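**Student:** Below you will find the structure I want to go over with you.
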Amino acid sequence: MNTQTQNTHFALSAHRSLHFPTQRPNEHIILLLRRHWIIFGRNIVHWLFLVFFPIILIIAVVWFTDFSFFSLSRVTSILIIEGFSLYYLFCLLGYFYRFVDYHLDIWVVTDQRVVSIEQQGLFNRVISELNILKIQDVTSEVKGKVQTFLDYGQVYIQTAGKEERFVFEEVPRPSQVAKIILQAHDHAAKVDEYQKVKESEEYRHQIDTQYQKMPKNTATTNTHIPTPEEQAEADTHIKTQQLK
């Protein structure tokens, strides 16, 4: 088993029990991706700076000056406490907003589709999907030293539709993701071709069976070639039997 097959099998096994919005029956997840952890890590660092900066500032003011909170009036103390409470409330809301945006932005590759779920704010969500058979090309892009060192970047999916590219933003191991998507596309194309051939063979078999059941002309020994009207009548009869 080659490396690509192992990677696809691992991804399929790892996400088989997961589900996502708009998932179809008998649709299996091959890849479920979020942005690289460093993206959320940068938000954490920024949030921690906002949390500890006022505390450090107050300690510096008290340490290097003669300022004392005990010398403030009651009204001033209440206003300072309320100001700090509002400040940390907004910090907490900002952290929650960043977490929701990171956690709910996902890209899913299944054996049938490529699905993009993007959370816009706290109450808006945009879901885009692409039939995996419409994929024409998949490329990966890594920019800069940080992305190269941590192995994350963008994956661009070229489609045959009006929208030129389907983009996975800042996902881990983009080159490996691109290979797995192409392999999933090739597998889906083979399955689709097999289904078409199978349906064509079954249809031809049903037509042959129907012709055999039709009454033969005993007055001639030549093989009867059905007229277009007879063939249309037989096709209609077969489709009626299938609907029943």
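Since every read-out is calculated from the coordinates, none of them should be taken as a lab result. Keep in mind that what you see is a predicted model, and the values were worked out from it rather than measured.
**Student:** Tell me, what ³J(HN,Hα) does each residue in the range 82-99 have, in order and in whole Hz, if you take phi through Karplus 6.51 cos²θ - 1.76 cosθ + 1.60 with θ = phi - 60° and put x for Gly and Pro?
**Tutor:** 5, x, 5, 5, 5, 4, 6, 5, 5, 4, 5, 5, x, 5, 4, 4, 5, 5
**Student:** Can you check how the C-alpha radius of gyration of the range 40-101 compares to 2.2 N^0.38 Å, as a plain ratio?
**Tutor:** 1.39
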